[in-house]
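Just below is one structure, and these are the notes that go with it.
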Amino acid sequence: MKDKAYSIISGGMDSTLATFLAKKKYSQIVALFIDWGQKSVDEEWIAVQEICALLEINEIERIEVPIDKWDKSSLTQGDRKEVDDNFMVPERNLVFISLAASYARANGGGCLIVGFNKDDGGYDTSREFVDQINVFFEKGTKELSCYNGTYLRGTKITLEAPLLGYDKKKIAEELKANDLYNLTYTCYAAKGPCGKCRACKKREASFTSYGSKGPT
Ligand SMILES: [Zn+2]
């Protein structure tokens, strides 16, 4: 079994399954929950704690970064119970990975886990993106090996996206098969599911694609 992994988990379907798979592969998992001012932060935080309890993950770090201070998307601005199609948050994945990398590097290094999958779309969830981040980490690791005396010397970090070959339907099926589905929280809005936001629609579609309506 490999050593240590840091899973960026929001309590949604993708990051929950990625964390579940990482738990089988790594001897130690640290769950990293990011509070970035999103409307659904309270619901996500509850989901993460319940999921970690079921998976017997005891180390949960809640990291705050005030993206809502500059973001103008519907995920942070306006009525907390409503989210419209203005859902793009600037460089969200890059910020999350950077925070996780900093945390991991300071804590002895290890593998970062993300839930990117086939149904995400976009460069910052692609295999190419993951590969390029890994090149960046490798170069940083090499450079650190040149410095004596720093506690960061010898640390190595990598990024792993175990769901790159999964679509939403497969993710939903795996979650259900492992009693995790009902613990996840998907909606972008507070007090969801709203049934209208992009996240709710994708969750719904993961079931209708094989003919049955799943629990919300
Ligand atoms: Zn919703």
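Here are a few things to note about the model shown:
- Residues of the range 21-44 that turn out to be small (Gly, Ala, Ser) and either in a helix (DSSP H, G or I) or under 21 Å from Tyr166 (Cα atoms) (or both), as a count: 1
- Asp120 modelled with pLDDT of 95 or more, under 24 Å from Tyr103 (Cβ atoms) and among the acidic types (Asp, Glu): no
- Residue list for the range 144-193, restricted to those being within 16 Å of the ligand (Cβ to nearest atom) and under 24 Å from Ile97 (Cβ atoms): Lys168, Thr184, Tyr185, Thr186, Cys187, Tyr188
- For the range 93-117, residues that are in contact with a Leu (Cβ under 9 Å, 6 or more places away or on another chain) and surrounded by 15 or more Cβ atoms within 10 Å (Cβ to Cβ) total 16.
- Thr186 under 25 Å from Ser74 (Cα atoms), of a type in the set (Ser, Thr, Tyr) and in contact (Cβ under 8 Å) with a residue 40 or more places away in the chain: yes
- Residue identified as at pLDDT 95 or above and in contact with a Cys (Cβ under 8 Å, 6 or more places away or on another chain) among Glu43, Glu61, Glu50, Glu56: Glu43
- For the range 194-208, the set of residues classified as within 21 Å of the chain's Cα centre (by Cα), of a type in the set (Gly, Ala, Ser) and within 8 Å of the ligand (Cβ to nearest atom) consists of Ala199 only.
- Sole residue being in a helix (DSSP H, G or I), farther than 21 Å from Leu163 by Cβ and not charged (D, E, K, R), chosen from Ala18, Ala47, Ala53: Ala53
- Residue check, Ala189 crowded, with 20+ Cβ neighbours inside 10 Å and either under 16 Å from the mean Cα position of the chain (by Cα) or modelled with pLDDT under 95 (or both): no
- Residue-level check: of (1) surrounded by 16 or more Cβ atoms within 10 Å (Cβ to Cβ); (2) at pLDDT below 95, Ile157 misses just (2).
The values are calculated or read from the model by the stated rules, or taken from the named source; none is laboratory data. If you're wondering where the values come from, they're calculated on a predicted model, not measured in any experiment. Virtual Cβ from ideal backbone geometry, glycine too; neighbours counted across all protein chains shown.
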